[in-house]
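Trainee: Could you have a look at this structure, given as structure tokens, before my questions?
The values are calculated or read from the model by the stated rules, or taken from the named source; none is laboratory data. Everything quoted here is computed from the prediction, not taken from an experiment. Using ideal geometry, Cβ is built from the backbone for each residue, glycine included, and neighbour counts are taken over all protein chains shown. Just the protein is used for accessible areas: all its heavy atoms, side chains included, with ligands, DNA and RNA removed. Shrake-Rupley method; radii C 1.70, N 1.55, O 1.52, S 1.80 Å.
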Amino acid sequence: MTCYYPLLGLPHGIDASVTFSTFSHNERTAAVRPPRSHSLDVALYRAERGRWRCLDRLPVPEPGDLTLTSAGLDLAPGELVVLVPLERDRREDPGDGLLPLPCSKRVDRSPVAERASLGFRWRGVTSSYQGEYPVRMAQIDQGTMLSFDALFQSGPTVGRNLLCLVNLCRQPEEVEHRLELFDAHAHRLMRTATYRRNSCCLVDVPPEEAATKEVFVRSTTSLGIPILLTLSREDLPPSMSVEHTHPPTEFFSERDRLSGSRAIKRTWLGMALS
Amino acid sequence: MNAPPTIGRLKEALRRVRHRGFHALSTFPGALAPGETISDQFLYRGDIAANRFVAENTVALVAGEPVEVTHRLLFFDPDGRSLGEQSVDSSRFYTTITIDPLPVDFATYVHATAYRKPSTLQRHHRGYSLYQRTSQSVFAAVHGNFGGIVTDPSRSPRRHRLLARHRAHFLYTPQHRFHPDEQVTLYVMNPCPTTETVEVLQTAPGVGGHRRGPALTVPSLGVRCCRLEGLDGYLTLRSRLPTCRPLIFVEKESHLHHFDVFHT
């Protein structure tokens, strides 16, 4: 499964980064040796006025890595730049107007999906995770997204929860989507947020709200990957948490993956909210 | 015209056999019995302020309304021996469980659920483990990683079916650049029915080659830990596990509150 890697513009002084390496992540071999290294470039793309614009194309030092930060690219909150790995001599523009397809570092059928390190730095501390945006999701221009509030925190140390929904599509045309946050027990709409295709939708969820409600999130028009960030209070020493939520397919073993996730989505995406 | 389902299933079975050397789980795991669930393997740390677990109530999520469930966390010591369990009753869609302190530095656990009426859906518990470094910190969250541990909460907690398998040797390189000022702690958990050995190799960018680090021998359902300092580059884990994904904590002596946790 090939992937894109999103670099996010975030508020509250959070500097996001992507570190992409030349090393294969998973391979079957009897030898005791370093992982295979690939000759790759990384192209940076941003959707502007309905078209993809290539901001730059950078060689990844081999064997090694490349790190890009949102501060280095001066990204405003909500902006999204996409890192697209490409073979060293490959032309990046196929001429069809779509975001180019990335190359893969896979060398065999080893099971772990490709990743880069997505980092988030705030007040001198960093939280990171191994992340990606699968091409198969970016190929879909109309979809649905459902996520649950498992990671919103409350309590005396919590300053804020920030939901960042990353929406990426190979099609660059400007389309507006709507995100709904609702109380899962009362079936009551709490608030909505609009966001453009190929951006990140940012929603603050105060800890007091997370303490008293089970907050679910849905979109009936777009896919997306929700990332939850929790920051400590500003008057406390800095600490943070960053994680993405499981999609509904992850609640079921292979046999019931599709039927189970469809059942969950049917329940919550079609639910009338007051 | 679509092929009949039987031919489709036969082709799928042949494909599984052909590529079984890459399967992290048993090639033909068999169906779950009613009430059984599959769980990832989660880490407990006894040397920090608190541990929590976020448990999902899948039947309630499917129904769209509260459903009574008993969440059970079953604990194992570093050698994979049962350490007892903790149960919480709830009807919420998600329940955050504060884990009672255990008499060990670290341990692993799995999540099982029991409903009054067993669900027919084959459910997978992949929850979130939360780590609070000090009483002034927020909890650092990390989602379930790997496991394939089948539990039936109506039976003895010592009877589990382990679906993870070892195969030929694999290299796994977390895509994370480590820096010399970091204190890196790896927790390698083993959900296989066999004892497994994991070798740690260090690769420096720009230099090529590698340096051999420690080798960890991890019993079934157990966990081993190693601490590394002065790293400058990448770690590669060599084992017979197609999916060998330690949990990693990164701290810094120069910044007491730096506490990055991620699954690789």
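Trainee: Tell me the label-point distance for the pair A:Arg51, B:Ala204, using the 7 Å Cα-to-Cβ offset, in nm and rounded to one decimal.
Mentor: Here the modelled spin labels are 4.7 nm apart.
Trainee: Hey, another quick one. Over 15 Å apart: what share of the alpha carbon pairs of the range B:212-252 falls there, rounded to a whole percent?
Mentor: For the range B:212-252, the fraction of Cα-Cα distances above 15 Å is 49 percent.
Trainee: I need the P(r) histogram for chain A: all alpha carbon pairs, bin width 10 Å from 0 out to the longest distance, whole percents.
Mentor: Pairs per bin, as whole percents: 6, 27, 34, 24, 8, 1, 0.
Trainee: Taking a spot 7 Å from the Cα of A:Thr67 along the direction of its beta carbon, which residues of the range B:106-140 have an amide N less than 17 Å from it?
Mentor: In the range B:106-140, the label zone of A:Thr67 (backbone N under 17 Å from the point 7 Å along Cα→Cβ) covers no residue.
Trainee: Let me check I have the definition right: for chain B, take the eigenvalues of the Cα gyration tensor, multiply each by 5, take square roots. What are those semi-axes in whole Å, largest first?
Mentor: Taking √(5λ) for each Cα gyration eigenvalue gives 32, 27, 16 Å.
Trainee: On to the next question. Under a point spin-label approximation (7 Å from Cα along Cα-to-Cβ), what is the B:Val88-A:Thr221 distance to one decimal in nm?
Mentor: 3.8
Trainee: I've got another one for you. What does the convex hull of the Cα atoms come to per residue for the range A:31-130, in Å³?
Mentor: Convex hull volume per residue, Cα atoms: 154 Å³.
Trainee: Dividing the convex hull volume of the alpha carbon atoms of the protein assembly as shown by its residue count, what do you get in Å³ per residue?
Mentor: Cα convex hull per residue, to the nearest whole number: 154 Å³.
Trainee: Follow-up question, since we're still on this one. Keeping all protein chains in place, calculate the accessible area per residue for the protein assembly as shown (probe 1.4 angstrom), answer in Å².
Mentor: Computed with neighbouring chains in place, this is 39 Å² per residue.
Trainee: Alpha carbon centre of the range A:193-215 versus the range B:33-84: separation in Å?
Mentor: Between the Cα centres of the range A:193-215 and the range B:33-84 lies a distance of 27 Å.
Trainee: Can you give me the % of accessible surface on the range A:136-243 that is carbon or sulfur? Probe 1.4 Å, all protein chains present, nothing else counted.
Mentor: Reported share for carbon and sulfur atoms: 45 percent.
Trainee: Something else about it: Express in nm, to one decimal, how much length is gained between A:Val107 and A:Asp74 on full extension, taking 0.36 nm for each residue of separation and deducting their alpha carbon distance.
Mentor: 8.4 nm
Trainee: Chains A and B: how much accessible area gets covered up at their contact, both sides added, probe 1.4 Å, in Å² to the nearest hundred?
Mentor: 6000
Trainee: Hey, another quick one. Based on the Cβ-Cβ distance of B:Ala215 and B:Thr194, what FRET efficiency does E = 1/(1 + (r/R0)^6) give at R0 = 22 Å, to the nearest 0.05?
Mentor: Plugging the Cβ-Cβ distance into 1/(1 + (r/R0)^6) gives 0.85.
Trainee: Which stretch or stretches of the range A:232-274 have amide N atoms under 11 Å from the point lying 7 Å from B:Arg167's Cα along the Cα→Cβ direction?
Mentor: None, by backbone N distance to the label point.
Trainee: On average, how many beta carbons from a partner chain sit within 10 Å of the beta carbon of a residue in A:117-130?
Mentor: What the average comes to for A:117-130 is 5.
Trainee: A follow-up question, please. Relative contact order for the range B:121-213: what is it in percent, counting Cα pairs under 8 Å that are at least 6 residues apart?
Mentor: Here the relative contact order equals 17 percent.
Trainee: Evaluate peptide B:60-70: per residue, the Cβ atoms of other protein chains within 10 Å of its Cβ; return the mean as an integer.
Mentor: 4
Trainee: With N set to the residue count of the range B:5-50, report its C-alpha Rg divided by 2.2 N^0.38 Å to two decimal places.
Mentor: 1.86
Trainee: So, one more: Work out the FRET efficiency for A:Leu58 and A:Asp93 from their Cβ-Cβ distance, taking R0 = 22 Å, and round it to the nearest 0.05.
Mentor: 0.85
Trainee: While we're looking at this one, here's another question. Enter the angle in degrees (range 0 to 90, nearest 10) between the Cα long axis of helix A:257-269 and the first principal axis of the Cα atoms of chain A, meaning the one along which they spread out most.
Mentor: Rounded to the nearest ten degrees, it is 40.
Trainee: Once you put a point 7 Å from the Cα of B:Ser254 and another 7 Å from the Cα of A:Glu174, both along the Cβ direction, what distance in nm separates them?
Mentor: 4.4
Trainee: Order A:Phe252, B:Phe146, most accessible first, counting only protein heavy atoms with a 1.4 angstrom probe.
Mentor: B:Phe146, A:Phe252
Trainee: Right, here's the next one. On a full-extension model of 0.36 nm per residue, what is the gain between B:Asp47 and B:Tyr115, subtracting their alpha-carbon distance, rounded to one decimal in nm?
Mentor: Taking 0.36 nm per residue and subtracting the Cα distance, the gain is 21.1 nm.
Trainee: Take peptide A:62-69, look around each residue's Cβ out to 10 angstrom, count Cβ atoms belonging to other protein chains, and average those counts.
Mentor: Average per residue, whole number: 4.
Trainee: Can you give me the % of accessible surface on chain B that is carbon or sulfur? Probe 1.4 Å, all protein chains present, nothing else counted.
Mentor: On chain B, the fraction of accessible area on carbon and sulfur atoms equals 52 percent.
Trainee: Roughly how compact is the range A:85-153, stated as its Cα Rg over 2.2 N^0.38 Å to two decimals?
Mentor: 1.50
Trainee: Kindly provide the helix-only [θ] at 222 nm of chain A, computed as the sum of -39,500 (n - 2.57) over DSSP H runs of four or more divided by all residues, to the nearest 500 deg cm²/dmol?
Mentor: Theoretical 222 nm ellipticity from helices: -2000 deg cm²/dmol.
Trainee: Arrange the peptides A:26-33, B:110-117, B:84-91 so that the one whose residues have, on average, the most other Cβ atoms within 10 Å appears first.
Mentor: Ranking the peptides A:26-33, B:110-117, B:84-91 by packing returns B:110-117, A:26-33, B:84-91.
Trainee: Can you list the residues of the range A:249-270 whose accessible area drops by at least 30 Å² going from the chain on its own to the full set of protein chains, with a 1.4 Å probe?
Mentor: Buried-area filter returns A:Glu250, A:Phe251, A:Phe252, A:Ser253, A:Glu254, A:Arg255, A:Asp256, A:Ile264, A:Thr267, A:Trp268.
Trainee: Name the residues of the range B:105-125, by number, that are at least 30 Å² less accessible with every protein chain in place than in the isolated chain; the surface is that of heavy atoms, probe 1.4 Å, without ligands or nucleic acids.
Mentor: Flagged in the range B:105-125: B:Leu121, B:Gln122, B:His124.
Trainee: Compactness ratio of the range A:70-192: Cα Rg over 2.2 N^0.38 Å, N = residue count?
Mentor: For the range A:70-192, the normalised Cα radius of gyration is 1.32.
Trainee: Normalised by the residues of chain B, what does the relative contact order come to in percent, with Cα pairs under 8 Å and at least six apart?
Mentor: Answer for chain B is 21 percent.
Trainee: While we're here: What is the range A:131-198's relative contact order, in percent, from Cα pairs under 8 angstrom and six or more apart in sequence?
Mentor: 29
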